[in-house]
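Please read the structure below before turning to the comments.
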Amino acid sequence: MVIISHVLERDVTHGNTVWNTAVIVGNKGNIIGKHRKNHIPRVGDFNESTYYMEGNTGHPVFETEFGRVAVNICYGRHHPLNWMGFALNGAEIIFNPSAT
């Protein structure tokens, strides 16, 4: 089993920046890696940048027992170059956890 879980990550080394982060947990409970949301919606009154920033992790792909996985967080699904970036980096499975 692999778990992809979201957390609000506070980065004290970068001025207490808050990131919307997906953590990838392996089948032995180990942290395989993390990815920070790279597209923040700013639509009308809905502006997520009031509480967290765009991520700085690029388009990482993580090796798991089940294949090479990536996480395209929520609003990132509307940006085709996100999907392409993960695929070009070798993703075999791309998860899209989303609130909508």
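Observations on the structure shown:
- Here the Karplus relation 6.51 cos²θ - 1.76 cosθ + 1.60, evaluated at θ = phi - 60°, turns the backbone of segment 52-57 into coupling constants of 8, 9, 4, x, 10, 9 Hz, with x for every Gly and Pro.
- Intensity falloff of segment 3-97 expressed as log10 I(q)/I(0), Debye formula with alpha-carbon point scatterers, at q = 0.25 Å⁻¹: -1.33
- Amide proton proximity set for residue 79, modelled H, under 5 Å, gap of 5+: none
- Residues with amide H under 5 Å from that of residue 17, placed H, sequence gap 5 or more: 11
- Built amide H within the under 5 Å cut-off of residue 73, gap 5+: 38
- For the chain: accessible area per residue (Å², 1.4 Å): 59
- Annotation for segment 1-64: trypsin sites (Lys or Arg not before Pro) lying in DSSP loop with at most 16 further Cβ atoms inside 10 Å of their Cβ are 28.
- Among the GluC sites (Glu not before Pro) in segment 33-100, those located in a DSSP loop and surrounded by at most 16 other Cβ atoms within 10 Å of their own Cβ are 54, 65, 92.
The values are calculated or read from the model by the stated rules, or taken from the named source; none is laboratory data. Values in this document were obtained by computation on a predicted structure and should not be read as measured data. For neighbour counting, all protein chains shown are included, and Cβ atoms are generated from backbone atoms with ideal geometry for every residue, glycine included. Keep in mind that these areas ignore ligands, DNA and RNA; they rest on the heavy atoms of the full protein, side chains included. Shrake-Rupley method; radii C 1.70, N 1.55, O 1.52, S 1.80 Å.
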